[in-house]
Amino acid sequence: MKIGVLTSLNGSVEENIRKVAELGITTAQLKCWNSAFLTDAMADRAAAASKEYGVEITGFWCGWDGMSYWNFYEGPLTLGIVPKEYRAERLNMLLRGAAVAKRMGVTDVITHAGFLPENPATTEFSEVVAAIRWLAKRLLANGQYFLFETGQETPVTLRRTIEEVGTGNLGINLDPANLLLYGKGNPVDALDVFGEYVRGIHAKDGEYPTDGRHLGAEKPLGQGRVNYPLFISKLKEIGYDGALTIEREITGERQIEDIKSAKALLESLI
């Protein structure tokens, strides 16, 4: 397993990738939440910086323009491609993101699909499956994978959705902390449910929710409830050999120090 870090595709992409290299980290996922940066020119800039600084881009995390509320009330109404009123626009942005990823030579396109419906007998479930299948088929033609970022659904709901879509190019970007933050499952046990689909890992830590409206708190790696020694051991057991991409959702010097600490912890475990 290699250690990576999450960084941004934006107007400072060269500096962002240079900072990854300065941390002694050799892989990164690029994230983008602004469609203005989903251009050939930006893809070429990122690819050139990746080559210059020796940082492999292992995945492209494509968000969306517009609203998003990270809680249990407004979240189901605004996140991902589950909300019908935003679905077409966000599917098109994901296609633009996939084109950027392809130009960079990146096969894995990642996003939060949203709060996937738990009940497979509903019209909502079948419509969401159809939308993901539409997207996945287009990525399949590009030789790409569509990866679900975990968190907003139980592990079995995610596996069921993958099975129902059935295109063969779906995978999971497992954020173990998100399973805790959303109260959806234990990240180590989740690998028994969907481990065969995991193509990427976000190395992040956190706690369970403490009320019914807000997510649990993110923590520095090793200070939350993700049991990283057991988690890494389980990844080895199932044969995962991809990147462990550090994500710390704060900014400033504290973020850099926490990333350095996370890197040291992960190196001791792998």
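The values are calculated or read from the model by the stated rules, or taken from the named source; none is laboratory data. In this text the structure is predicted, and so the values were computed from the model without any measurement. Reconstructed Cβ throughout: ideal geometry from the backbone, glycine too, with neighbour counts over all protein chains shown.
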Worksheet item: If you go through region 55-85 one residue at a time, how many are of a type outside the set (Val, Ile, Thr) and touching a Ser or Thr at 6+ places or on another chain (Cβ under 6 Å)?
Response: 7
Item to complete: Would you confirm whether any residue within region 250-257 is in contact with a helix residue (DSSP H, G or I) (Cβ under 8 Å, 6 or more places away or on another chain) and either surrounded by 13 or more Cβ atoms within 10 Å (Cβ to Cβ) or under 18 Å from GLU149 (Cβ atoms) (or both)?
Response: no
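Mind checking which residues of region 117-131 are of a type in the set (A, V, I, L, M) and surrounded by fewer than 23 Cβ atoms within 10 Å (Cβ to Cβ)? Break it down stepwise before answering.
As a first pass, look at region 117-131 and keep what is of a type in the set (A, V, I, L, M): 121, 128-131.
Scanning region 117-131 gives ALA121, VAL129, ALA130, ALA131.
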Worksheet item: Tell me, which residue of region 213-260 that is under 21 Å from LEU30 (Cα atoms) and among the small types (Gly, Ala, Ser) is nearest to the chain's Cα centre (by Cα)?
Response: ALA243
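Is it fair to say LEU174 is surrounded by 21 or more Cβ atoms within 10 Å (Cβ to Cβ) and out of contact with any Leu (no Cβ under 7 Å at 6 or more places or on another chain)?
Details: surrounded by 21 or more Cβ atoms within 10 Å (Cβ to Cβ): yes; out of contact with any Leu (no Cβ under 7 Å at 6 or more places or on another chain): yes.
So LEU174 passes the test.
Conditions (1) touching a residue at least 40 places away in the same chain (Cβ under 8 Å); (2) outside any strand (DSSP E or B); (3) out of contact with any strand residue (DSSP E or B) (no Cβ under 6 Å at 6 or more places or on another chain), marked per residue:
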residue	(1), (2), (3)
GLY171	yes, no, no
ALA177	yes, yes, no
ALA190	yes, yes, yes
HIS202	yes, no, no
THR210	no, yes, yes
GLY216	no, yes, no
ASP241	yes, yes, yes
ARG248	yes, yes, yes
Worksheet item: Which one is nearest to ASP189 (Cα to Cα) among residues in region 117-142 that are in a loop (DSSP other than H, G, I, E, B) and in contact with a Lys or Arg (Cβ under 8 Å, 6 or more places away or on another chain)?
Response: PRO120
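For residues in region 15-37 being charged (D, E, K, R) and more than 18 Å from the chain's Cα centre (by Cα), which is farthest from THR107 (Cα to Cα)?
Narrowing region 15-37 to residues charged (D, E, K, R): 15, 18-19, 22, 31.
Okay, now just the ones that are also more than 18 Å from the chain's Cα centre (by Cα), so 15, 18-19, 22.
Details: GLU15: 23, ARG18: 22, LYS19: 23, GLU22: 25 Å.
Only one residue tops the list, namely GLU22.
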Worksheet item: So, in region 147-159, of the ones that are touching a residue at least 40 places away in the same chain (Cβ under 8 Å) and in a strand (DSSP E or B), which residue ends up surrounded by the most Cβ atoms within 10 Å (Cβ to Cβ)?
Response: LEU147
Worksheet item: Name the residues in region 218-239 that are basic (Lys, Arg) and either in a helix (DSSP H, G or I) or in contact with a helix residue (DSSP H, G or I) (Cβ under 6 Å, 6 or more places away or on another chain) (or both), would you?
Response: ARG225, LYS234, LYS236
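Those residues that are surrounded by fewer than 18 Cβ atoms within 10 Å (Cβ to Cβ) and under 22 Å from LYS260 (Cβ atoms), I need them from region 226-237; list them, please. Lay out the reasoning, then the answer.
We begin by selecting, within region 226-237, every residue surrounded by fewer than 18 Cβ atoms within 10 Å (Cβ to Cβ); these are 227, 229-230, 233, 236-237.
Answer for region 226-237, where residues must be surrounded by fewer than 18 Cβ atoms within 10 Å (Cβ to Cβ) and under 22 Å from LYS260 (Cβ atoms): ASN227, PRO229.
In the set GLU153, GLU124, which member is modelled with pLDDT of 95 or more and out of contact with any Leu (no Cβ under 7 Å at 6 or more places or on another chain)? Working first, answer last.
Details: GLU153 fails: out of contact with any Leu (no Cβ under 7 Å at 6 or more places or on another chain).
The match here is GLU124.
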Item to complete: Kindly indicate whether any position in region 181-191 is surrounded by fewer than 21 Cβ atoms within 10 Å (Cβ to Cβ), out of contact with any Gly (no Cβ under 6 Å at 6 or more places or on another chain), acidic (Asp, Glu) and under 19 Å from PHE231 (Cα atoms).
Response: yes
